[in-house]
1. Can you tell me which residues in the range 66-81 are closer than 17 Å to residue 158 by Cα and surrounded by fewer than 24 Cβ atoms within 10 Å (Cβ to Cβ)?
2. Specify the residue that is nearest to residue 61 (Cα to Cα); the eligible residues are those in the range 106-128 that are surrounded by fewer than 19 Cβ atoms within 10 Å (Cβ to Cβ) and touching a strand residue (DSSP E or B) at 6+ places or on another chain (Cβ under 6 Å).
3. Scanning the range 41-73 for residues that are farther than 20 Å from residue 116 by Cα and out of contact with any strand residue (DSSP E or B) (no Cβ under 6 Å at 6 or more places or on another chain), which turns out modelled with the lowest pLDDT?
4. Would you mind finding the one in 113, 105, 62 that is over 22 Å from residue 45 (Cβ atoms) and under 14 Å from the mean Cα position of the chain (by Cα)?
5. In the set 80, 55, 8, 27, which member is touching a residue at least 40 places away in the same chain (Cβ under 8 Å) and more than 20 Å from residue 132 (Cβ to Cβ)?
6. If you go through the range 60-91, how many residues are in contact with a helix residue (DSSP H, G or I) (Cβ under 8 Å, 6 or more places away or on another chain), within 30 Å of residue 176 (Cα to Cα) and in a loop (DSSP other than H, G, I, E, B)?
7. Determine whether residue 169 is assigned to a loop (DSSP other than H, G, I, E, B) and surrounded by 15 or more Cβ atoms within 10 Å (Cβ to Cβ).
8. Mind listing whichever residues of the range 17-37 are within 14 Å of the chain's Cα centre (by Cα) and buried (at least 18 other Cβ atoms within 10 Å of the Cβ)?
């Protein structure tokens with residue numbers, strides 16, 4: 001009997017990464033490159049200049065964090081605003097502006113929604129998501145589930161590069177789980 005292929009956090013990270021690329025291609029007309037290497041981390045962190053995070057729960061549970069260097073945040077939001085047809089005078093120039101923060105929250109909402117839909121389609125598993133939060137970061141902040149310890153939570157990072165060579169990354173943690181397709 002052939003063993004079923006096991007699915008790990010890396011598969012979910014790939015789904016999230018592909019969703020990020022698709023959403024940015026559609027909403028900001030950007031082709032972002034994703035790193036060829038995933039990093040397995042000891043902990044989930046909010047870092048860089050501005051972070052957006054959302055927790056999800058249901059058949060699988062986890063936290064998704066997007067960490068942006070200020071130039072990447074402004075580039076992504078500015079491109080989104082241009083795609084919507086806003087005049088240059090209304091394009092934000094600073095990563096701490098309200099329009100950048102709210103736009104990054106909406107971006108993360110679209111990403112988690114798209115990824116959850118893909119996971120449901122592929123694995124027939126569902127999860128709900130909380131409302132994303134966006135915060136400025138001056139000191140890195142670690143996140144864990146209340147019912148877990150860092151050692152129990154696999155964490156994964158994917159790095160991205162924008163058209164203008166600005167970097168951002170996605171950190172993902174999910175409760176220890178193994179998706180095993182049934183025939």
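The values are calculated or read from the model by the stated rules, or taken from the named source; none is laboratory data. All values reported here derive from a predicted model rather than from experimental measurement. Counting neighbours? That spans all protein chains shown, and the Cβs are built from the backbone with ideal geometry, glycine included.
1. 69
2. 127
3. 42
4. None of the others qualify; the one that does is 113.
5. 8
6. Final tally of qualifying residues: 1.
7. No: the conditions fail for residue 169.
8. 17, 19, 20, 23, 24, 32, 34
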